[in-house]
Amino acid sequence: MKKKWENDVSPFKGDVRKIMLIMRLAVLLTFVLTWSVTAGTYSQNARLNLSVENAAIEQVLQEIEHSSKFIFVYESGTLDKSLKRSIYVKNETIDAILSQLFEGTDVNFRIDDRQILLYKKDSFLNTLERPDAPLVQTQQPKPVSGKVIDSSGNVLPGVAVVIKGTNKGTVTGIDGKYMLADVPADARTLVFSFIGMKTQEVQIDGKTVVNVKMVEETIGIEEVVAIGYGTARRKDITGSVSSVGGTTLKDVPVTSAAQAIAGRMAGVQVTKTEGSPDAEIKIRVRGGGSITQDNSPLYIVDGFPVDNITNVAPADIASIDILKDASSTAIYGARGANGVILVTTKGGSDGKGKVSYNTYFGVKEVTKSLDVMSPYDYVFYQYERRAVEQMRATNELERYYGDFLDFDLYKKMQGTDWQDKMFGRTGTSKYHNLAFSGGSKSFKYNISLTQNDEKEVMLGSGYSRTNFTVKTFHKINDWLTIDLNTRLSDTKVKGAGTSSNSRLYHTIQFRPVDGLMDFVDSSVTDEDFEATNSSIVNPVDQTNDDYRRVKDLAFYFNGAATIRLSKNLNYRFEYGTQYGQETENRFYGINTTNVNLYGYQPIVAITKNDIKGYRLANILTYSKRDFLPGNNVTIMVGEELNYYKRERLIASAKYFPMYIDAKTALTNMSLGTADPISTTDFPPNKISSFFGRLNYDYKGRYLVSATFRADGSSKFAPGNQWGFFPSAALAWRLSDEKFMAETKSWLSDLKLRASYGESGNNRITDDAWKKTFSITSGGLTVNGDGDGAIPTPIILPGSILSNPELKWETTITRNIGLDYSLFRQRISGSVELYKNTTKDLLIKATIPSSSGYSTQWQNIGQTSNRGIEITLNSLLVEKKDFQLSASFNIGFNRNRIDNLGEVGSWEQTARWIVTGGPAGDYLIKEGGQVGQMYGQVTEGMYSFDDFDYVDNKYILKEGVVNNGLLGGSYKLMPGALKLKDQNGDFLIDGKDKVIIGNANPKHTGGITLTAQFRGFDLSAFFNWVYGNDIYNANKLFCTAAYANYPYNNLLNEMNLEDLFSYIDKSNGNVITDPAQLAEMNKKATIWSPLMNNIPLHSWGVEDGSFLRLNTLTVGYSLSASLLSKMRISKLRVYASAYNLWTWTNYSGYDPEVDAMRSTPLTPGIDWCAYPRSRSFNLGLNVEF
Amino acid sequence: MKMKRYVKFFCYILLSLSVVSCEDYLATESKSTLTEETTFGNLDFATKAVYGVYEQLTSNPLYDYNFMFYKTDNDVEVNWGANNGAVYNISHYAATEGTNYLQQVWNDFYSGIEKAHLCIDNLPKSALWEGEHANEARRLYGEAVTLRAYFYSELIHHWGDVPFKTKSTQAGDEFNLPKTDRDSIYEFLIQDMKEVEDYVPWMSKTQTTERINKAFVKGLRARMALAYAGYSLRNKTFETRRGRHWEEYYKIARQECKEVMDSGEHQFNPNFENIFKNLHTYTMDLT
């Protein structure tokens, strides 16, 4: 008997206890069920003699096997090894013997001819129908078989296949195949289910072969999301959490995770403030509450708080969850008011080791350049401004550019396109990512190495970063698991960009032609020319002389030990630490404007920042299901300490030898004259916290959660350091209610939730509560100011009066949301309404200056944000060969300034240019919004009807508004800029300012479309911002003829055809006859650029709405069968484009811009922002 | 096995609690930011803090540039520039609400007074006051007191009765102060300077004219006494009258000047006319 057994199925019996559960069952059942086809008579006829005394059951079974043809098949653990039985039987059927043997135990048996299956009574095997039970049927049952594979084409063993409406079914074997012997003719559907995959129902339709491809469960209620200090299933959360998965992010060809999430989550507005590779990425969750402090959300990576997520490689991310309302953020207490962004990096996974390699190579080009004046228009305008202003005689111009009457020659010339020289080169991107992951149940690992190299479109601009991540999970024994996580990132940035020192306008405004110097070897030397022109310099020379290298090394380590104290009680200890070192080397050469004040000699500055931080947390979680039937509860309490410190050193020197190059100067700083070295030891930021959370639910239908946190922060004075942040939320799963039973067929899930909570904002200036002094090396010297003078530093008190009463800015949020899921999660999404109030806002209250100070920080303000968010995900088409899904999100937000205390209102000046710019260009007022631009309205230009011409002078008529206070080179005459009088006093001044723009959008959102067809995949992602205005400072500045910039070029808005001009083209004289002037300018549409002081007027504020095709990816994956020969499990080639197209009416470089960020009160300004580029990439994903 | 677990667990809790229970955990100190104690506990820092008070005089609205346009257009000097919507208007007493130079002068003087107050309040409390540097500390104190007096005297010259405070501003103070009659201000300050006269050495000891010396203190005292005792236009009533105890203060003025002359520490220009001649021929006064 044994031998036969061994020949037939040798690997089977001995290995029963060794094979994994699923495989075991699969093989077991396949065996059992296939053999059940043959009619069993051996079992009914066989008679056995058995005589065993007090033996273990196994022994008895072995006896039976020895003396018969029977074979016992059972899972290990089915038999109680300690049980001993005695059997004395003669000539008995096997059925009777086994009934006697197993009487009083929980073991059942089933006989199929020679195989006897033993199983425990509560095993699911019990539910499978006995094949020899009678069936009621009207027609012949048919067999149905097939094969089940997963989305990559791999076979899937262990998938349960059940005939819908019955308990009859089977399980797929190791080869993914299944066989159902008697499928009744009236059975219509088979249900295929497997953990982690979407359950599928497939129509039988009279077929005998039904093959199925299972798809991973990515959207839907089984998804697990990260919430503060833990995770939860999406179906159980009561607060507002939006998520993006790592699979969505990995294909977006950007270097920063922060940029990859733009537009993907409702209510989360992501703005890359300019196009430089290290540009700040501003993230705002549901608007921002504070008006004077930073509104950035709290960033947490694997439990550890970080400054930002720009150095996290998208390839390393498993998911990003954003907590938006207080019931989810209150657990972060003092830092949660602006939302919390939780990033979870990829850990290892069960299963054999996997090696994956991803790479792409791409090219980039700038998306837009601004039109500037042609050479002829340029020289004509330069001549005109001198002739009209009489500030610089036209002789100087003619000396360099030739006689006026020869200017026609310039019409044939091609001007130098400086924007092309600066931004016209083709940038490149190179990306490599190598990851090893794998593990078993007790050990999982993920090691990943990523390298990004970017050559940007701007001259001298580049970026590179290396990321190295190791994440391990180790289950040491059944009560202790250890998680270890190390992250290292090394970033290098090259180039100074365009916004520091406002470099961009040099590119736009540098002269397009050099005049005579191009033609003749004149006596005019270059230096003379340059000297008269020192305020606008050659942008290429300036950029080459503007050296900047930043090296940022960041190291993070997190470790956690989870101890299972009892079945329901877990203790987790977390420790994390952070080290960072950032070094910036800066050199300004003779061609930059920075050296103008220092003898036109080069300057060097080195800045070093050292960052250190740590975090300790103890968390205790108790979780019990069914403490009363149907009632589940989880309680978590914890305690945490956070510490963060920065130290800085700045060393600078001036007056280097003139022609030295950057690297020599930086390595030989003794060649310059050293400035006093500045070292700063910033006060450490410490937070001590206690927190707890309670989650309760009844059958998953009624859910309650409450959190509480107490935070003490070192930023406040003793006595005001502690803040308390509670929250509560309720959720009701309507779809589980009895009255919703009819909807079950189409409504898979409907959950209504409401929450209320408080969280705080502690992102305020350090030491605002105490009186402090600081050392400044001002201009003071002792021993006179001649040769023996010694500069002496002085100690000054702060200029803002301290306030020991300062406390947190607190945000109260109220949120109502509805999560829905229809048609078995083919359509799912949520709708939310929220209202956030932020009170105790820190405002610089004006106090009487007789106190010695003009302002003091006080908690007196209040703002509110209210809005609606809608998310919709849908699986439009799901067929075997073709899938199409779409998702959509939109967020409406409206902010309002509720209270500013006694101050009531003030005007904020952005000060984008040091002199000559507008004052008070934003209005901050109760009842208004943050971001309202305040200025005059453009009426156009003065016409001849506005003036009387008397004694060769234009005299403004009565009743015509007077714009003369603009002063400087502005002349009140026809063709000059005319602004609108608002208050009827016929004079344009501060009283005529009105709100002319609003930087806040009405709504923002994104649309994603993904499609799969056979091996091809396509995804397109659009994002938009609608209804916001942009303050186009570039346009205002580059259309004015500043007296201090004698040779500046202007934007083509001021081209000669449209321009109101005063010069007679035939002889170069200023036209004095009004009739002649009017005739010449009858087609003029734009006013004269002659003005020194630029007001903010409505022509400079434009609609910034845009729709962007953000990412487009097309890929092709080779089929599984082809690959298995090469031992590769996945191979995909793809092409992607980033920032492919932007639809917008905005005339500047790009509508996504925010240049003046030192205060949140001046958003939406486009001033010297680095232009953006679009990129095209080709990539490869391989997995072994 | 279970016991070991519990032991471990409690160890951790105790560890972290011990850090938390220390209330000092939340206290922060940065070596770069100085508090009142650290600034005035160290002679070098205290000196630099007093330099900060001097530095106030160099601000652009004050003696750096704009201040020279004030108090012109009189029998002695006239500003020839026409009204320009800015500081020239002040010369011609034609300032409008847009001329914010007046506000800046006011702000800068009070800012200087506050800086002086921080020194005046903290020096007597500090460790320096009784230590080895006691003399230096008193000299600094004297300088701060004199500078404060100087600032107030300028404020009175321009605005008459002004808000008067004698201590540095604290967070809970009433910031809206009423005007104090100039007589009271002068009386207080003149008495105040008497007390610090001895703290400040003569120039022969300080060897520099860059910092206040005894002659300056005496001279300022005399000047302020004269201003007090003389006629000035009063704010509320528009009368022109003298300070209430004017006879006494003429005596003070005379005495101070006499003490400076008798001290032998300074030489004096024997001819009053020379002062004008030197000024208008742009020569230095060599006495």
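Looking at this structure, is residue B:203 surrounded by 21 or more Cβ atoms within 10 Å (Cβ to Cβ) and more than 14 Å from chain A (Cβ to nearest Cβ)? Give the steps one after another, and end with the answer.
On the way: surrounded by 21 or more Cβ atoms within 10 Å (Cβ to Cβ): no; more than 14 Å from chain A (Cβ to nearest Cβ): yes.
Taking the combined requirement at face value, the residue does not satisfy it.
Give the residue, chosen from B:72, B:38, that is part of a loop (DSSP other than H, G, I, E, B), out of contact with any strand residue (DSSP E or B) (no Cβ under 7 Å at 6 or more places or on another chain) and either at the interface with chain A (Cβ under 10 Å from one of its Cβ atoms) or modelled with pLDDT of 85 or more (or both).
B:72
Name the pairs whose Cβ atoms lie under 6 Å apart, with the first residue in the range A:235-253 and under 29 Å from residue A:359 (Cα atoms), the second among the small types (Gly, Ala, Ser) and modelled with pLDDT of 85 or more, and 6 or more positions between them or separate chains?
Hits for this filter: A:243/A:319; A:245/A:319; A:246/A:318; A:246/A:319; A:253/A:1136.
Scan the range A:767-788 residue by residue and report those that are within 11 Å of another protein chain (Cβ to nearest Cβ), surrounded by fewer than 19 Cβ atoms within 10 Å (Cβ to Cβ) and over 47 Å from the mean Cα position of the chain (by Cα).
Of everything in the range A:767-788, those that are within 11 Å of another protein chain (Cβ to nearest Cβ), surrounded by fewer than 19 Cβ atoms within 10 Å (Cβ to Cβ) and over 47 Å from the mean Cα position of the chain (by Cα) turn out to be A:781, A:782, A:783, A:784, A:785.
Taking the condition in contact with a strand residue (DSSP E or B) (Cβ under 7 Å, 6 or more places away or on another chain), surrounded by fewer than 18 Cβ atoms within 10 Å (Cβ to Cβ) and among the aliphatic types (A, V, I, L, M), does residue A:1135 pass? Talk me through it step by step, then tell me what you get.
Numbers: in contact with a strand residue (DSSP E or B) (Cβ under 7 Å, 6 or more places away or on another chain): yes; surrounded by fewer than 18 Cβ atoms within 10 Å (Cβ to Cβ): yes; among the aliphatic types (A, V, I, L, M): yes.
So residue A:1135 fits the description; yes.
Looking only at residues that are of a type in the set (Gly, Ala, Ser) and assigned to a loop (DSSP other than H, G, I, E, B) in the range A:952-1005, which one is nearest to residue A:1152 (Cα to Cα)? Steps first, please.
Quick first cut of the range A:952-1005, residues of a type in the set (Gly, Ala, Ser) only: A:959, A:964, A:967-969, A:975-976, A:984, A:990, A:997, A:999, A:1005.
If we keep only those that are assigned to a loop (DSSP other than H, G, I, E, B) too, we end up with A:959, A:967-969, A:975-976, A:984, A:999.
Values: A:959: 42, A:967: 34, A:968: 34, A:969: 34, A:975: 34, A:976: 32, A:984: 37, A:999: 11 Å.
Restricting to residues being of a type in the set (Gly, Ala, Ser) and assigned to a loop (DSSP other than H, G, I, E, B), the top hit is A:999.
Would you mind finding the one in A:764, A:843 that is more than 11 Å from chain B (Cβ to nearest Cβ), assigned to a loop (DSSP other than H, G, I, E, B), crowded, with 20+ Cβ neighbours inside 10 Å and of a type in the set (A, V, I, L, M, F, W, C)? Full working, then the answer.
On the way: A:843 fails: assigned to a loop (DSSP other than H, G, I, E, B).
From the options A:764, A:843, the qualifying one is A:764.
Are there strands (runs of 3 or more DSSP E) fully within the range A:11-99 with at least 3 residues that are among the polar types (S, T, N, Q) and at pLDDT 65 or above? List them.
Numbers: elements: A:48-56, A:71-74, A:84-92.
Of the strands (runs of 3 or more DSSP E) lying wholly inside the range A:11-99, those with at least 3 residues that are among the polar types (S, T, N, Q) and at pLDDT 65 or above span A:48-56.
When the range B:41-58 is examined, which residues are found to be of a type in the set (D, E, K, R) and facing chain A (nearest Cβ under 7 Å)? Even if it seems obvious, please write down each step before you answer.
Taking the range B:41-58 first, the residues of a type in the set (D, E, K, R) are B:44, B:48, B:55.
Passing the criteria: B:48, B:55.
Just a yes or no: is a residue in the range B:104-113 within 14 Å of another protein chain (Cβ to nearest Cβ) and among the hydroxyl-bearing types (Ser, Thr, Tyr)?
Filtering the range B:104-113 for residues within 14 Å of another protein chain (Cβ to nearest Cβ) gives B:104-113.
Now drop any that are not among the hydroxyl-bearing types (Ser, Thr, Tyr), which leaves B:110-111.
Yes, the conditions are met somewhere in the range B:104-113.
Out of the residues in the range B:245-267 meeting the condition of being surrounded by 14 or more Cβ atoms within 10 Å (Cβ to Cβ) and in contact (Cβ under 8 Å) with a residue 40 or more places away in the chain, tell me which one is nearest to residue B:285 (Cα to Cα).
Only one residue tops the list, namely B:266.
Run down A:678, A:727 and say which single residue is of a type in the set (Gly, Ala, Ser) and away from chain B (no Cβ under 14 Å). Explain how you work it out, then say what you get.
Working: A:678 fails: away from chain B (no Cβ under 14 Å).
None of the other options fit; the residue is A:727.
Which residues, counting only those in the range B:246-267, are within 27 Å of the chain's Cα centre (by Cα) and farther than 15 Å from residue B:222 by Cα?
B:263, B:265, B:266
Say whether the condition of being within 14 Å of chain A (Cβ to nearest Cβ), in contact (Cβ under 8 Å) with a residue 60 or more places away in the chain and more than 11 Å from the chain's Cα centre (by Cα) is met by at least one residue in the range B:124-136.
First, pick out the residues of the range B:124-136 that are within 14 Å of chain A (Cβ to nearest Cβ): B:125-126.
Narrowing the set further to residues that are in contact (Cβ under 8 Å) with a residue 60 or more places away in the chain leaves B:125-126.
If we keep only those that are more than 11 Å from the chain's Cα centre (by Cα) too, we end up with B:125-126.
Scanning the range B:124-136 turns up at least one residue that is within 14 Å of chain A (Cβ to nearest Cβ), in contact (Cβ under 8 Å) with a residue 60 or more places away in the chain and more than 11 Å from the chain's Cα centre (by Cα).
Looking at the range A:580-604, which of the residues that are surrounded by 19 or more Cβ atoms within 10 Å (Cβ to Cβ) and assigned to a strand (DSSP E or B) is nearest to the chain's Cα centre (by Cα)?
A:580
Any residue in the range B:79-94 that is more than 14 Å from chain A (Cβ to nearest Cβ) sitting within a Cβ distance under 9 Å of a residue that is surrounded by 12 or more Cβ atoms within 10 Å (Cβ to Cβ) and among the acidic types (Asp, Glu)? List the pairs, counting only those 6 or more apart or interchain.
B:79/B:73; B:91/B:73; B:92/B:73; B:93/B:73
Testing residue A:700 on (1) at positive phi; (2) buried (at least 19 other Cβ atoms within 10 Å of the Cβ); (3) among the small types (Gly, Ala, Ser), one condition comes back false. Which one is that?
Condition not satisfied by residue A:700: (2).
The rows are residues; the columns are (1) within 24 Å of residue A:775 (Cα to Cα); (2) modelled with pLDDT of 90 or more; (3) away from chain B (no Cβ under 14 Å).
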{"site": "A:603", "(1), (2), (3)": "yes, yes, yes"}
{"site": "A:606", "(1), (2), (3)": "yes, yes, yes"}
{"site": "A:626", "(1), (2), (3)": "no, no, yes"}
{"site": "A:637", "(1), (2), (3)": "no, yes, no"}
{"site": "A:668", "(1), (2), (3)": "no, yes, yes"}
{"site": "A:674", "(1), (2), (3)": "yes, no, yes"}
{"site": "A:682", "(1), (2), (3)": "yes, no, no"}
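Taking residue B:141, is it in contact (Cβ under 8 Å) with a residue 24 or more places away in the chain, crowded, with 21+ Cβ neighbours inside 10 Å and more than 14 Å from chain A (Cβ to nearest Cβ)? Explain how you work it out, then say what you get.
On the way: in contact (Cβ under 8 Å) with a residue 24 or more places away in the chain: yes; crowded, with 21+ Cβ neighbours inside 10 Å: yes; more than 14 Å from chain A (Cβ to nearest Cβ): yes.
Yes.
Check whether at least one residue in the range A:327-339 is surrounded by fewer than 23 Cβ atoms within 10 Å (Cβ to Cβ) and in contact (Cβ under 8 Å) with a residue 24 or more places away in the chain, and report yes or no. Reasoning before the result, please.
Going through the range A:327-339, the residues surrounded by fewer than 23 Cβ atoms within 10 Å (Cβ to Cβ) turn out to be none.
No, the conditions are met nowhere in the range A:327-339.
Give the residue that is farthest from the other protein chains (Cβ to nearest Cβ), with candidates limited to residues of the range A:545-573 that are closer than 19 Å to residue A:299 by Cα and in contact with a Leu (Cβ under 7 Å, 6 or more places away or on another chain).
Step by step, filter the range A:545-573, then rank; the result is A:555.
Which ones in the range B:146-196 are within 11 Å of another protein chain (Cβ to nearest Cβ), of a type in the set (Gly, Ala, Ser) and within 14 Å of the chain's Cα centre (by Cα)?
B:168
Could you say which residue among A:804, A:797 is within 14 Å of another protein chain (Cβ to nearest Cβ), at pLDDT 85 or above and out of contact with any strand residue (DSSP E or B) (no Cβ under 9 Å at 6 or more places or on another chain)?
On the way: A:797 fails: out of contact with any strand residue (DSSP E or B) (no Cβ under 9 Å at 6 or more places or on another chain).
Criteria check complete, one pass: A:804.
Going residue by residue through the range A:634-649, is there one that turns out to be closer than 30 Å to residue A:705 by Cβ, among the β-branched types (Val, Ile, Thr) and buried (at least 18 other Cβ atoms within 10 Å of the Cβ)? Step through it out loud before you land on a result.
To start, the set of residues in the range A:634-649 that are closer than 30 Å to residue A:705 by Cβ comprises A:634-644.
Adding the requirement that they be among the β-branched types (Val, Ile, Thr) leaves A:634-635, A:637.
Now restrict to residues that are buried (at least 18 other Cβ atoms within 10 Å of the Cβ): A:634.
Scanning the range A:634-649, I find at least one residue that is closer than 30 Å to residue A:705 by Cβ, among the β-branched types (Val, Ile, Thr) and buried (at least 18 other Cβ atoms within 10 Å of the Cβ), so the answer is yes.
Residue check, residue A:1163 against (1) touching a strand residue (DSSP E or B) at 6+ places or on another chain (Cβ under 8 Å); (2) buried (at least 21 other Cβ atoms within 10 Å of the Cβ), all met but one. Which one?
Against the list (1) touching a strand residue (DSSP E or B) at 6+ places or on another chain (Cβ under 8 Å); (2) buried (at least 21 other Cβ atoms within 10 Å of the Cβ), residue A:1163 comes up short only on (1).
Let me confirm something: among A:852, A:861, A:829, A:798, which residue is in contact (Cβ under 8 Å) with a residue 60 or more places away in the chain and buried (at least 16 other Cβ atoms within 10 Å of the Cβ)? Please lay out each step first, then the result.
Values: A:852 fails: in contact (Cβ under 8 Å) with a residue 60 or more places away in the chain; A:829 fails: in contact (Cβ under 8 Å) with a residue 60 or more places away in the chain; A:798 fails: in contact (Cβ under 8 Å) with a residue 60 or more places away in the chain.
After applying the criteria, what remains is A:861.
Might you check whether a residue that is touching a Leu at 6+ places or on another chain (Cβ under 8 Å) and surrounded by fewer than 22 Cβ atoms within 10 Å (Cβ to Cβ) occurs anywhere in the range A:810-817? Break it down stepwise before answering.
Let us first name the residues in the range A:810-817 that are touching a Leu at 6+ places or on another chain (Cβ under 8 Å), namely A:815-817.
Checking the rest, the ones that are also surrounded by fewer than 22 Cβ atoms within 10 Å (Cβ to Cβ) come to A:816.
Checked the range A:810-817: at least one residue is touching a Leu at 6+ places or on another chain (Cβ under 8 Å) and surrounded by fewer than 22 Cβ atoms within 10 Å (Cβ to Cβ).
The values are calculated or read from the model by the stated rules, or taken from the named source; none is laboratory data. Remember, it's a predicted structure, so these values are computed and weren't measured experimentally. Cβ: placed from backbone, ideal geometry, glycine included. Neighbour counts: every protein chain shown.
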